[in-house]
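Handing you a structure now.
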Amino acid sequence: MYDQTVIQPLLLKYGAQLDKKFCECPYTKELDDGKYGQMKKARATGLELFREENIPLQVKEQELVASYNEIIGGLTAGWEREDRPYPYVVAQMDSPNRAVREAAWRSVQEARKSIKSKVAAMMDELVALRHQIAVNAGFENYRDYVFREKNREYTVEDCYNFHNAVERYVVPAWDRLARQLQGVLGVDAYRPWDVTPCTLSGAPFETVDQLMDGVEKMLYATDTYFGDKFKHMRERGLLDLDSRSGKAPGGFCDFLGYSNNTFVFANFSPSFFALIALLHEMGHAVNGYLQVRDEYEWADLRPEVAELYSHGMELLCLDKLGSFIATNHP
Ligand SMILES: [Zn+2]
């Protein structure tokens with residue numbers, strides 16, 4: 001609460017003053033565009049969109065985001081007459097046993113239903129708040145504001161075109177894959193709990209150590225640099241992957257500027273998803289180390305660019321899946 005009500009408003013206010021100082025400084029234009037171009041653009045936009053009256057609204061926005069994470073992080077689902085962390089029950093959907101998968105799916109839907117009205121009310125509040133932030137900054141709506149705020153060089157129209165392309169080409173491909181899986185499983189009706197990992201003989205690992213051993217092997221087999229960075233992070237406790245209650249599902253990677261390290265924080269239950277997610281986060285982590293090495297700025301990396309590295313890492317490593325399975329199921 002202290003962070004949200006005292007520190008964040010000061011950060012927003014002084015952040016804007018720093019943007020102003022930076023933009024007005026005569027030496028700014030001498031900075032190399034290849035290295036600092038994105039930062040220059042981001043700071044100029046930040047200054048252009050800054051409105052003093054938006055500070056309390058932005059603080060409220062962060063408050064809502066924090067309480068959303070709190071609700072999701074504390075979410076539990078019923079499993080074998082007990083309350084278990086949500087990701088644990090999601091992981092049961094990997095089971096080769098169809099009845100177990102269905103029970104897990106139903107329990108997960110129950111859990112989601114239990115927070116639905118609370119989350120929907122928060123979303124309504126967030127929509128109204130963000131609309132006001134946009135109007136205060138001179139925009140008609142939050143969508144137009146946020147395209148500017150994020151310095152997108154693609155347009156709203158490009159997004160609609162992309163959606164249409166997905167509908168036309170990706171959805172049919174997805175349907176073909178689904179029919180293939182339906183054939184493998186030999187089921188008449190293909191249901192939401194019939195997901196790909198259930199064709200494996202079981203979860204690809206049991207303990208976080210097994211997960212790390214297997215991923216280390218896959219990374220080394222792909223590139224020594226990837227493997228070395230993983231080992232470095234593992235030895236320094238920069239991989240916090242255990243499932244604990246109160247930890248939000250999924251994972252993220254952050255950069256620790258003082259020690260020039262990256263840090264992966266995740267809530268993994270034994271599942272195929274966790275394996276893919278760790279490779280994904282290692283894509284972000286390796287990207288972080290490479291940016292420091294090449295003196296590029298981390299903070300202004302945009303999500304749609306950052307995700308190229310993480311999804312790229314998944315694609316680079318997945319052909320070594322066999323070595324992971326062999327490590328844990330000899
Ligand atoms: Zn990502």
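The values are calculated or read from the model by the stated rules, or taken from the named source; none is laboratory data. Quick caveat: nothing in here was measured; it's all calculated off a predicted structure. Backbone-built Cβ (ideal geometry, glycine too); neighbour counts: all protein chains shown. Note: accessible area is taken over every heavy atom of the protein model, side chains too, but ligands, DNA and RNA are not part of it. Shrake-Rupley method; radii C 1.70, N 1.55, O 1.52, S 1.80 Å.
Are there chymotrypsin sites (Phe, Trp or Tyr not before Pro) in segment 118-184 that DSSP marks as loop and that have at most 16 other Cβ atoms within 10 Å, and which are they? Don't skip to the end; give the middle numbers.
On the way: sites: PHE139, TYR142, TYR145, PHE147, TYR154, TYR160, PHE162, TYR169, TRP174; in loops: PHE139, TYR154.
Hits after loop and neighbour filter: TYR154.
Sticking with this one: Modelling each spin label as a point 7 Å along the Cα-to-Cβ direction, I'd like the VAL171/HIS131 distance in nm, to one decimal.
About 2.8 nm separates the two model spin labels.
While we're looking at this one, here's another question. Which value, in Å², gives the accessible area per residue of the chain when a 1.4 Å probe is used on the protein heavy atoms?
59 Å²
Assuming R0 = 56 Å, what is the FRET efficiency of LYS20 and ALA99, from their Cβ-Cβ distance, to the nearest 0.05?
Computed FRET efficiency for LYS20 and ALA99 comes out at 0.35.
Given a 1.4 Å probe and every protein chain left where it sits, what share in percent of the accessible area of segment 208-328 is carbon and sulfur?
That fraction is 55 percent.
Cut-off under 19 Å on the C-alpha distance; same-chain residues fewer than 8 positions from LYS60 excluded. Which aspartates and glutamates are left, in chain and number order?
Straight-line reach from LYS60, under 19 Å: ASP3, GLU52, GLU70, ASP124, GLU125, GLU149.
Measure off 7 Å from each Cα along the Cα-to-Cβ vector at SER114 and ASP294, then give the distance between these two points in nanometres to one decimal.
4.7 nm
If I build a Gaussian network model for the chain, linking alpha-carbon pairs within less than 10 angstrom, which residue out of SER95, SER107, SER201 has the largest mean-square fluctuation?
Highest fluctuation of the listed residues: SER201.
For GLN4 and THR28, FRET efficiency with R0 = 41 Å and r from the beta-carbon atoms, rounded to 0.05?
The formula returns an efficiency of 0.85 here.
Okay, moving on. Suppose R0 equals 45 Å. What FRET efficiency, 1/(1 + (r/R0)^6) with r the Cβ-Cβ distance, do TYR160 and ASP213 give to the nearest 0.05? Working shown, then result.
Values: r = 45 Å, r/R0 = 1.00.
Computed FRET efficiency for TYR160 and ASP213 comes out at 0.50.
Another question, if that's okay. Less than 12 Å from a label point 7 Å out along the Cα-to-Cβ axis of SER323: which backbone N atoms in segment 221-257 qualify, by residue?
Those under the cut-off are 221-228.
Could you pull out the trypsin sites (Lys or Arg not before Pro) across segment 1-104 that fall in loop regions by DSSP (anything but H, G, I, E, B) with no more than 14 other Cβ atoms inside 10 Å?
Listed in order of number, the matching sites are ARG51, ARG81.
Given the -39500 (n - 2.57) contribution per DSSP H run of 4+ residues, what per-residue ellipticity at 222 nm results for the chain, rounded to the nearest 500 deg cm²/dmol?
That comes out to -20500 deg cm²/dmol.
Loop-only GluC sites (Glu not before Pro) in segment 46-93, please: DSSP not H, G, I, E or B, and at most 10 other Cβ atoms within 10 Å.
Answer by residue number: GLU80.
Let me have the relative contact order for the chain, percent, based on Cα pairs under 8 Å that are six or more residues apart.
Dividing the mean separation by the residue count of the chain yields 18 percent.
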